[in-house]
Every structure is written in C-alpha cells, then in structure tokens.
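Heads up, the thing below is written out as structure tokens.
The values are calculated or read from the model by the stated rules, or taken from the named source; none is laboratory data. Keep in mind the model is a prediction, meaning the values are calculated, not measured. Reconstructed Cβ throughout: ideal geometry from the backbone, glycine too, with neighbour counts over all protein chains shown.
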Amino acid sequence: MDLKPAAETAVRQCMNLASEESCVIVTDDRRLKIGEALYEVAREITADSVLLGYPPGPQHGAEPPAPVAAAMRGADVVLAPTSKSLSHTRARGAATDAGARAATLPGITEEVFTTGLDADYERIREECERMIERVANAIEIRVTSPQGTDITFEPGNREWLSDTGIVHEPGAFSNLPAGEVFISPETATGTYVVDGTMHPHGLLDEEITVEVEDGFVTAVSDSELRSELEEAAEAVGRDAYNLAELGIGTNVAVTDLVGSVLLDEKAAGTVHIAIGDDAGIGGDTEAPIHSDGIIREPTVYADGEEVDLP
C-alpha cells in the first residue's frame, strides 16, 4: 500500500510544514510504517525532523514516555500516528501550549490513513464553521436516536471547538483524518445508545447503552467497556466516569463506518459521546481514559430547535 500520497497531504496541506521549522513524528511499534511515511515527507522539507518510537501505551489517553513528551513540547510541528490516542494527554496539551502545531492520528490503520486523508479539507472547514454557528450559543443541546438515545447536555461556559484538519496556526490542534465540532459539556443527563463504533469492540454487533446523571456515567450495558472504566477508576476514582465530550461529525467524505473510532467519529451526520478525560478539550477532568461511542442516526436539538446535520 502506497502511504506517501496521504503523508504528503498530512504534512504539506494539513500541517503546512516549512523548511525552517522542526518536526517530530511520534509513533509506536504498531504504527511504525505510517510514522516512517510521514517522516520521509517531513525530511524532504526540513532537516530538523525526528522520528520517535515507543512501545504502545496501555490505553487511550495514557501519557507517552517523558523523553517523547519533551520532544513534542520543543517542536514546531508534531504528528502522532499511534495505536493508543495521545489527543487528550498532558504531553499533547503541553506541546500546543508551547506553540506547536499538532495532529494526532489515534488508532490509525494504513487503510484509514490512505482513504481518510483523501478529502477536501476546505469543505470540511466550511461545514465546521456552519455547525459552530448553529450550536455555539445554545444553553441546552439534546440528542435523540431511534435506538433509544435521549440525553441532554448543558455546555455552560465551555467553548465549542472545531477539528478541521487545517493546522496552520501556532498552538493549533487537530485529529487526522479530521472533521468534527465538539465540546466538553459542564454536565449532562440521560441515556445514549451506541450503535456505531466504540472501543474496545470496533464496529459494534450489539448496541451499548450508557446511563448518565449529573455529568457522570452511572451504568454501562457492555462488560468490556465497564471493565476498562473500572480499571481507570482504580487510578482516578469517579473522574473515570466523567461525561467528557459531545461531538458532531462534519467530514462529508466519510459516508460509511469502518470500525475505526478515529475515522468513524468524523462521519458527516453522526454524533459521538465520550467518557473520561476532558482536560485537553476545555474541561477540568484528568483521567487515563477517553472512550468515544458513535451514534449513527442522531437528531440534535439546540435550545429545542432541530439542527440540520451535514
């Protein structure tokens, strides 16, 4: 599989890497080929390029080794294709706080890499801007679905963010492939039913029902997800059950779910809801887990009015 065209899109179009800049590619043993493809393009642009590998983390949101975190913090551009997500880590937050432009590719596969980056990112940016305009000032967001989802979020004073894939400004951050608007709500109450993709299963054969009260998960129908949350709770207690994120997919190039959370949560017209860490996206909860679940057929209401999804 030829990975270079997708790597070119990531490094040149999405990150806009320049010859006078430094670039750190962070990968793990399971995603080394993708890391090497990105590194080959980066080194064509700047001699100040580094490829760093480390053993896969134990779960999404786990911190990378200290030397990796230090390199990320000192770079102009960071690309992180890893099997376990670095998106919501202190290391990624410290890097962007220091001015790095960063893109994480959590759980990326070669297939998702080559197909998910074949997109019109200017169109995706336009869809993100339109959606932000629609939801940004809402006091209450409600999501329902035919499968039984009925959950209400209160954003409070927190800000809606965009993941456009265009990472050209110092301190900017995006997932790649990109295409979503999202928020860490101050609180939420209700039920959501995941019928799309969710870790640790991938594309679901059976729906997962999650009960939420006052911003915390109170019940999970799936034993494997429940075990992951219990393990995270051993480290941080109740914070592992924090209702961390509400996201709306805006990538109009993604029309079918493939079992990759990274790609599927961007699919236009879907909603994803996450449990756990939200400190990297405007919240105040730190946890060693961030678990997204994708809802295929949502209806979204902003202050009682239905939102036209992409």
Say we look at region 154-163 and pick out the residues that are surrounded by fewer than 24 Cβ atoms within 10 Å (Cβ to Cβ) and of a type outside the set (A, V, I, L, M, F, W, C); which of these is modelled with the lowest pLDDT?
Ser162
For region 118-134, how many residues are β-branched (Val, Ile, Thr) and under 24 Å from Leu3 (Cα atoms)?
1
Does Gly171 count as outside the structural domain of Leu105 (by TED's automatic domain parsing) and touching a Phe, Trp or Tyr at 6+ places or on another chain (Cβ under 9 Å)?
no
Reported set for region 146-167 where residues are more than 16 Å from Tyr121 (Cα to Cα) and not in a strand (DSSP E or B) is Pro146, Gln147, Gly148, Thr149, Pro155, Gly156, Asn157, Arg158, Glu159, Trp160
Give just the number: which of (1) touching a His at 6+ places or on another chain (Cβ under 9 Å); (2) crowded, with 24+ Cβ neighbours inside 10 Å does Ala267 not satisfy?
(1)
May I ask you to say which residue of Glu20, Glu44, Glu36 is crowded, with 16+ Cβ neighbours inside 10 Å and modelled with pLDDT of 95 or more?
Glu36
Residues satisfying the stated conditions in region 186-197, i.e. touching a residue at least 60 places away in the same chain (Cβ under 8 Å) and either β-branched (Val, Ile, Thr) or within 27 Å of Tyr121 (Cβ to Cβ) (or both)
Val193, Val194, Gly196, Thr197
Working carefully through the options Arg31, Arg43, find the one that is under 26 Å from Ile281 (Cα atoms) and of a type outside the set (Ser, Thr, Tyr).
Arg31
Out of the residues in region 251-279 that are in contact with a strand residue (DSSP E or B) (Cβ under 8 Å, 6 or more places away or on another chain) and among the small types (Gly, Ala, Ser), which is farthest from Pro81 (Cα to Cα)?
Gly269
Do the conditions hold for Val50, that is, is it aliphatic (A, V, I, L, M), in contact (Cβ under 8 Å) with a residue 24 or more places away in the chain, surrounded by fewer than 23 Cβ atoms within 10 Å (Cβ to Cβ) and touching a Cys at 6+ places or on another chain (Cβ under 9 Å)?
yes
From the option list Arg73, Arg43, Arg12, Arg31, single residue qualifying as under 24 Å from Ala119 (Cβ atoms) and without any contact (Cβ under 8 Å) to a residue 40 or more places away in the chain is Arg12
From the list Gly269, Gly283, which one is in a loop (DSSP other than H, G, I, E, B) and on the phi > 0 side of the Ramachandran plot?
Gly269
Can Glu126 be described as free of Cβ contacts under 8 Å to residues at least 60 places away in the same chain and more than 22 Å from Ile295 (Cβ to Cβ)?
yes
Note: among Ala287, Ala244, Ala235, just one is of a type in the set (A, V, I, L, M) and out of contact with any strand residue (DSSP E or B) (no Cβ under 9 Å at 6 or more places or on another chain), namely Ala235
(1) over 30 Å from Glu133 (Cβ atoms); (2) under 17 Å from the mean Cα position of the chain (by Cα); (3) among the polar types (S, T, N, Q) all hold for Ser227 apart from (2)
Restricting the first residue to region 199-226 and requiring it to be closer than 20 Å to His60 by Cα, which pairs with a second residue that is of a type in the set (Asp, Glu) and part of a strand (DSSP E or B) meet a Cβ separation below 9 Å and a spacing of at least six or different chains?
His199/Asp292; Val217/Glu211; Val220/Glu211
